[in-house]
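> Just passing along the structure, written as structure tokens.
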Amino acid sequence: MNKLIIEGAHKLQGEVRISGAKNAALPLIAATLLARGWHTIHNVPDLRDTRTMLALLETLGAEWKRESSTLLVNTDSLNNFEASYDLVKTMRASILVLGPLLARMGKTRVSLPGGCAIGARPIDFHLQGLKNLGATLALEEGYVTASAKKHLTGGNVYFDVPSVTGTENILMAAVLAKGETVIKNAAREPEVSNLVDMLISMGARIDGRGTDRLTIQGVTRLKPAEITTIPDRIETGTYLIAVGTAGGEVSVTHCNPSHLPSLIEKLRSAGLIIKESENSLFVSRPAKVQSIDIKTQPYPGFPTDLQAQLMVLMTLANGLSVITETIFENRFMHVAELKRMGAEIKINGNSAIVKGIKQLKGARVMATDLRASASLVVAALAAHGVTEISRIYHLERGYEDIVGKLQALGARVRKEQE
């Protein structure tokens, strides 16, 4: 198992290129199951999670090859409809094969998912949505078994709370269902729109892209797709916040600023200077950061996946800030580790009250989930002294070459074996 060693208090300078979005690439890979032939997906990050998804597709009979950041996937010869526990337990997004397998093969058996321990995140929305499309479902020995007698049929699906993976799973099931499906209160995240673009290029008929109401007219067959994965808005935000904590001036390239409206507004309110262009951002921190309050919300609100990183910035701000988490009930696991570095944070229900201090101090800390591990990196870059971050396999699930990218910005960071 590896750990990161970071000597902090060095300003970041230079340019960093953003990779393709993990949370977009995973449903794009899953969607290849819907149509026979070779699919081409550009700008796919090489991460633990994308490798897990590809390993899962291999067990289903698919083949793939990678050419730089382009992924070629052939799903001609699917010969298995079961997604086993051994793979699914490591990554919640594995549940995304449920919809396309059921749509194409008429039956599937998928293990209940694992992933980060940040809350219950039940898949009830997925299951109820598939029932509304005519699927017969059963939960047996930790597996979801789903089948459709002849084919899925269109229906109405309503989410009490917008669910990204729920929306994506129902989308992929509905494109081959007979008749019309309407998804109400659908997730509006850019990653969902990226999947819609892929499905339309495959021949699907979908209206309402980017809105909370998606209407799908089922078709009988789809063709292979060629699609480009959108830039990772969470990686983008993490580097912007890192400059806020460590100081410096950085150009963040190959990103999409329009995908981060709430974060950019909040960072400017905190005192950071951010200049936007079509596909890049320039960020600098000229003075002391000011405290701000945030509340996580479904897109286009403040992303829950950037809450932990933003909290680090507030530990160094003037005054008190209140950070309220509304998406996941267990997403303050990083607080205990930040306190080891000198942060002053109190938890009150689903809110964290953060009192700004002059500086963080290096310490030995442990990553508990993907975004918590990113927050510890952001904290270590600003801290005086040396920080050791253990269990960084979480970090490697979602950030491509983070050590190399930070080193190129002048950070003193290295990976060592524990």
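> Could you tell me the relative contact order of segment 199-243? Use alpha-carbon pairs under 8 Å, at least six residues apart, and round to a whole percent. List each step's numbers first, then the result.
Numbers: 30 pairs, mean separation 14.6, N = 45.
After rounding, I find 32 percent.
> Tell me, what is a quarter of the convex hull surface for the C-alpha atoms of segment 22-228, in nm² with one decimal?
Working: hull surface 39.2 nm².
Directional mean of the projected Cα hull area for segment 22-228 stands at 9.8 nm².
> Express in nm, to one decimal, how much length is gained between ASP124 and LYS288 on full extension, taking 0.36 nm for each residue of separation and deducting their alpha carbon distance.
Values: separation 164, 0.36 × 164 = 59.04 nm, distance 4.49 nm.
Stretched fully, the ASP124-LYS288 segment lengthens by 54.5 nm.
> Another question, then. What's the exposure ranking of TRP38, TRP64, going from fewest to most Cβ atoms within 10 Å? Numbers along the way, then the final one.
Details: TRP38 16, TRP64 19.
Final ranking by Cβ density, sparse to dense: TRP38, TRP64.
> With +1 on the Cβ of every Lys and Arg and -1 on the Cβ of every Asp and Glu, and nothing else charged, how large is the dipole of segment 352-392 about its Cα centre, in debye rounded to the nearest 20? Don't jump to the answer; show the numbers that get you there.
Numbers: 6 positive and 2 negative charges, 30 e Å.
The dipole magnitude comes to about 140 debye.
> Additional query: How long are the three semi-axes of the equivalent ellipsoid of the chain, in whole Å, if each is the root of 5 times an eigenvalue of the C-alpha gyration tensor, listed from largest down?
Details: eigenvalues 290, 88, 81 Å².
So the three semi-axes of the chain are 38, 21, 20 Å.
> Under the rule of -39500 (n - 2.57) per DSSP H run of 4 or more residues, summed and divided by the residues of the chain, what mean residue ellipticity at 222 nm is obtained, to the nearest 500 deg cm²/dmol? Walk me through the intermediate numbers first.
Values: 14 runs with 128 residues, N = 418.
Value at 222 nm, helices only: -8500 deg cm²/dmol.
> I've got another one for you. Please give the FRET efficiency for LYS150 paired with GLU249, using the beta carbon to beta carbon distance and R0 = 60 Å, rounded to the nearest 0.05. Mind dumping the intermediate values first?
On the way: r = 61 Å, r/R0 = 1.01.
Computed FRET efficiency for LYS150 and GLU249 comes out at 0.50.
> Something else: To two decimal places, what compactness ratio does segment 266-355 give when its Cα radius of gyration is scaled by 2.2 N^0.38 Å?
Values: Rg = 13.5 Å, N = 90, 2.2 N^0.38 = 12.2 Å.
Relative to the 2.2 N^0.38 Å estimate, segment 266-355 comes out at 1.11.
> By its C-alpha gyration tensor, with a ≥ b ≥ c as the square roots of the eigenvalues, how is segment 346-398 shaped: rounded for a/c under 1.5, else prolate for a/b larger than b/c, else oblate?
Numbers: a/c = 2.37, a/b = 1.15, b/c = 2.06.
Oblate.
> Sort SER390, SER277 so the one with the fewest other Cβ atoms within 10 Å of its own Cβ comes first. Numbers along the way, then the final one.
Numbers: SER390 16, SER277 11.
If I rank by nearby Cβ atoms, fewest first, I get SER277, SER390.
> Just to be sure I understand: if I project the alpha-carbon convex hull of segment 196-250 onto a plane and average over all orientations, what area do I get in nm²? Write down the numbers at each step before the final one.
On the way: hull surface 22.4 nm².
For the Cα atoms of segment 196-250, the hull's average projected area reads 5.6 nm².
> Next question. For segment 22-228, what does the relative contact order come out to in percent, with C-alpha contacts under 8 Å and a separation of six or more?
Working: 470 pairs, mean separation 43.4, N = 207.
Once divided by the residue count of segment 22-228, the mean separation gives 21 percent.
> Note down the net charge around LYS178, summing +1 for each Lys or Arg and -1 for each Asp or Glu among other residues with Cβ under 15 Å from its Cβ. Intermediate values should be presented prior to the final figure.
Details: positive: ARG104, LYS149, LYS150, ARG205, ARG221; negative: GLU180.
Local charge sum for LYS178: +4.
> What's the extension gain from ASP46 to GLU82 if we count 0.36 nm per residue and subtract their Cα-Cα distance? Please report the intermediate quantities before stating the final value.
Working: separation 36, 0.36 × 36 = 12.96 nm, distance 2.46 nm.
This chain segment gains 10.5 nm when fully extended.
> According to the square roots a ≥ b ≥ c of the eigenvalues of the Cα gyration tensor, what is the shape class of segment 9-128, taking rounded for a/c under 1.5, prolate for a/b larger than b/c otherwise, and oblate for the remainder? Numbers along the way, then the final one.
Values: a/c = 2.42, a/b = 1.34, b/c = 1.80.
Judged from the Cα gyration tensor, segment 9-128 comes out oblate (a/c at least 1.5, b/c at or above a/b).
> Determine the dipole magnitude for segment 155-302: charges of +1 sit on the beta-carbon of Lys and Arg, -1 on that of Asp and Glu, nothing else is charged, the reference point is the Cα centre, and the result goes in debye to the nearest 20. Please list the in-between numbers first.
Details: 15 positive and 16 negative charges, 33 e Å.
Roughly 160 debye, rounded to the nearest 20.
> Set the bar at 24 Å for Cα to Cα. Now go through LYS275/LYS339; LYS346/LYS415; LYS275/LYS361; LYS22/LYS131; LYS131/LYS184 and name every pair that lies beyond it.
Numbers: LYS275/LYS339 33 Å; LYS346/LYS415 31 Å; LYS275/LYS361 30 Å; LYS22/LYS131 28 Å; LYS131/LYS184 15 Å.
The pairs that break the limit, which is 24 Å between Cα atoms, are LYS275/LYS339; LYS346/LYS415; LYS275/LYS361; LYS22/LYS131.
> I would also like to ask the following. By its C-alpha gyration tensor, with a ≥ b ≥ c as the square roots of the eigenvalues, how is segment 272-418 shaped: rounded for a/c under 1.5, else prolate for a/b larger than b/c, else oblate?
Working: a/c = 1.27, a/b = 1.12, b/c = 1.13.
Rounded is the answer for segment 272-418, as its axis ratio a/c remains below 1.5.
> On to the next question. Quick one: 3J(HN,Hα) in Hz for segment 201-215, Karplus 6.51/-1.76/1.60 with θ = phi - 60°, rounded, Gly and Pro as x.
Running phi through 6.51 cos²θ - 1.76 cosθ + 1.60 with θ = phi - 60° gives 5, 7, x, 6, 10, 9, 10, x, 3, x, 10, 8, 9, 10, 10 Hz.
> How would VAL88, VAL322 line up from fewest to most surrounding beta-carbon atoms within 10 angstrom?
VAL322, VAL88
Quick note: the coordinates plus some simple rules give every number you see, no bench work behind them. None of these values were measured; they are calculated from a predicted model. In this analysis, Cβ positions are derived from the backbone assuming ideal geometry, glycine residues included, and neighbour counts consider all displayed protein chains.
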